[in-house]
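Data first, discussion second: the structure below is written as structure tokens.
The values are calculated or read from the model by the stated rules, or taken from the named source; none is laboratory data. Everything quoted here is computed from the prediction, not taken from an experiment. Cβ: placed from backbone, ideal geometry, glycine included. Neighbour counts: every protein chain shown. All accessible areas refer to the heavy atoms of the entire protein, side chains included, with ligands and DNA or RNA removed. Shrake-Rupley method; radii C 1.70, N 1.55, O 1.52, S 1.80 Å.
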Amino acid sequence: MDQTILPLPVLLAERARSHPDHVFIEEVDGPSYTYAAYDDRIRRWAAAYQRLGVAADDRVVTMLPASVDASCAWLGLAWLRAVEVPCNTEYRGQMLRYLIANSQAETIVIADVFVERLMAVAAELPDLRNVVVVGDASVATSGSWATHPLDEFLAGVEPAGGLTPPRPSDLCALLYTSGTTGNSKGVCFPWGQLHAQAVGFIPIDDFTDGDAWYLPYPMHHVTGKTPFLTMAIANGRMVLRDGYDTAAFWSDIDRYRCTSTVLMGPMPSFLWSQPRREDDAAHPLRNIFMVPIPEFIDDFKARFDVRVATSYGSVENSVPIKVPGWGACAANRRSCGKLRAGFPGYEVRVVDDQDHDVGPGVIGELIMRTSVPWTMNLGYFAMADKTVAAWRNGWFHSGDAFTYDEGGNFYFVDRLNDCIRRRGENISSMEVEAEVNAHPSVDNSVAIGVAADSEQEVKVCVLLRAGEQLTPEELIGFLAPRMPRFMVPRYVEFVDELPLTEATLRVRKHLLRVDPLNDRTWDRVAAGVDVER
């Protein structure tokens, strides 16, 4: 097998032989491991799982903060060709119960701080047999499962050997979607797809064994897994922090000599808004993958002396579209790039609701396929109907609204479910938010559609900057000259906070749709504020 397409645990074993003393992974204020020591620990996890009875194709839930142990819990399963089911550490109640039950897992590895949530749904999980607790295991007591403290789980095991290594077609993980439009779906994510992501989302040929990737993301998110393979290919190093922290960002970068990272959603704005320093360009950070690209990107790159890559991808489809090289800049910031050339043989189309192609500039759904095996999702676990619907007519349907131009540039408009339909026009919630966020008093905003007759009205939920004041009338006065009349919001609600996801700090729009016309919502029509034609 070509080394460049080895599944991650197999490649790490190769690096343990070729670069045994090179540090591969370390935690902020925690332990560090060389390639050899890390491979040894992964194999000990594999042996411990084996002793517990875990076998090929078994699914094991993990619910752990970002850490070396969280990564070993994942990769130890890979050596048995078993499947990790990483659980969002914010899950509780029925969402937690659903993930464990739907994945048909009989074993869970869980941090002690989350065990109380597991206990709350224990009666509804009769098939759960083993609970491995990282931390204080005394909190996990139940007659329906065996509790294994981590020290006992790993005690006395030797590194597993003589195992059949995972193949590109084997599942790297079962990664659950957010479930904003229904029950979460377990995406069957193969090792071949992880490779396609790792070599595609950023110019991998530019990395060497001197690079270190700063990863402040949880392990249940694909962003928390892909860089592991990117750095292993480059013989580089991983630096883990349990959660993004703007205040700690630059000190971490300097202390651990990190050269590369991912900045998602509002993170670039958080860094940009910090007071300027004379040494802003003196940090070791040089490489950033960023989505989306903010208006101030050129100034951001100059201020911090970094280069920026961007692309379009997801847990289901890898990276079919990208901006070449480090070409992200203000001039093309709205484009996700062009069709990714060469490996892994992608084709993409923009289609209507009957899967017929639409022309340049017309909003449709992005669909895709690839000629290279195992480089896209293998369907949704235990959801044959959802898999068939997503892969209808032989193309994977992304659920994302896109346009493209004559030059082959693709533009993400919105999630199809987030597009707002008003007076015969499709409105991108992202474009509305961009205009609202341009107001100097606004820190962040969210645009949603509110049901009105057969279509929708536009509502914005607005978070103001600290100490700023703004009235709805002033906001509408600011927006009216900047956007088409049909896009101007009817409803405005000022909020104290926006509900964010833990992994990428994206807004959970579905929570804002629960009670959109509450007593804090201002109605432009009721207030008699008209917008001139």
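Values for this structure:
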read-out: FRET efficiency, His19 to Gln104 (Cβ-Cβ, R0 35 Å, nearest 0.05); value: 0.35
read-out: Label point at Ala146 placed 7 Å out along Cα→Cβ; residues across the range 49-80 whose backbone nitrogen lies under 13 Å; value: 49-54
read-out: Projected-area mean, the range 262-332, by convex hull of Cα positions, square nanometres; value: 5.0 nm²
read-out: C-alpha long axis of helix 8-18 to longest principal axis of the chain, angle in °; value: 60 degrees
read-out: Between helix 68-79 and the chain: long-axis angle, C-alpha atoms, 0 to 90°, nearest 10; value: 70 degrees
read-out: Residue-level accessible surface for Arg51, protein heavy atoms, 1.4 Å, Å²; value: 130 Å²
read-out: In Å², nearest 10: area of Trp272 left accessible to a 1.4 Å probe; value: 60 Å²
read-out: Approximate shape of the range 335-380 as ellipsoid semi-axes (Cα gyration tensor, √5λ), whole Å, largest first; value: 21, 15, 8
read-out: The range 13-121: GluC sites (Glu not before Pro) in DSSP coil with no more than 16 other Cβ atoms inside 10 Å; value: Glu90
read-out: Antiparallel %, DSSP beta bridges [both residues in the chain], to 5; value: 55 percent
read-out: Crossing angle, helix 35-52 versus the chain [Cα axis fit, 0-90 degrees, rounded to tens]; value: 80 degrees
read-out: DSSP beta bridge pairing in the range 84-230, given as percent antiparallel to the nearest 5; value: 35 percent
read-out: Probe 1.4 Å, protein heavy atoms only - accessible area per residue of the chain in square angstrom; value: 42 Å²
read-out: Computed Rg/Rh of the range 382-533, alpha carbon atoms with Kirkwood Rh; value: 1.01
read-out: The range 144-234: C-alpha gyration tensor shape, a/c 1.5 cut-off, then a/b vs b/c; value: oblate
read-out: Once the Cα gyration tensor of the range 457-533 is diagonalised, semi-axes √(5λ) in Å; value: 23, 14, 13
read-out: Net charge of Cβ neighbours under 15 Å - reference Glu152; Lys, Arg +1; Asp, Glu -1; value: -2
read-out: Shape category assigned to the range 204-254 from the gyration tensor of Cα positions, a/c cut at 1.5; value: oblate
read-out: Overall Cα dimensions of the range 1-135, principal axis frame, Å, largest first; value: 49, 35, 25
read-out: Taking all pairs of distinct alpha-carbon atoms in the chain, Kirkwood radius in angstrom; value: 24.6 Å
read-out: Mean residue ellipticity (222 nm) of the chain, computed from DSSP H runs ≥ 4 via -39,500 (n - 2.57), nearest 500; value: -7000 deg cm²/dmol
read-out: Dipole-positive endmost among Ala341, Ala281, Ser318 within the range 260-362 (Cβ charges, Cα centre); value: Ala281
read-out: Whether the range 279-382 is rounded, prolate or oblate, judged on the alpha carbon gyration tensor where a/c under 1.5 counts as rounded; value: prolate
read-out: Environment charge at His356 (Cβ cut-off 15 Å; Lys +1, Arg +1, Asp -1, Glu -1); value: -3
read-out: The chain - charge dipole about Cα centre, Lys and Arg +1 at Cβ, Asp and Glu -1, debye rounded to 20; value: 800 debye
read-out: Mean Cβ count within 10 Å, highest first, over the residues of peptides 259-271, 421-433; value: 259-271, 421-433
read-out: Pair Asp136, Val495: separation of 7 Å Cα→Cβ label points (nm); value: 3.4 nm
read-out: Under 27 Å, Cα to Cα: Lys pairs in the chain, sequence gap 8 or more or different chains; value: 15
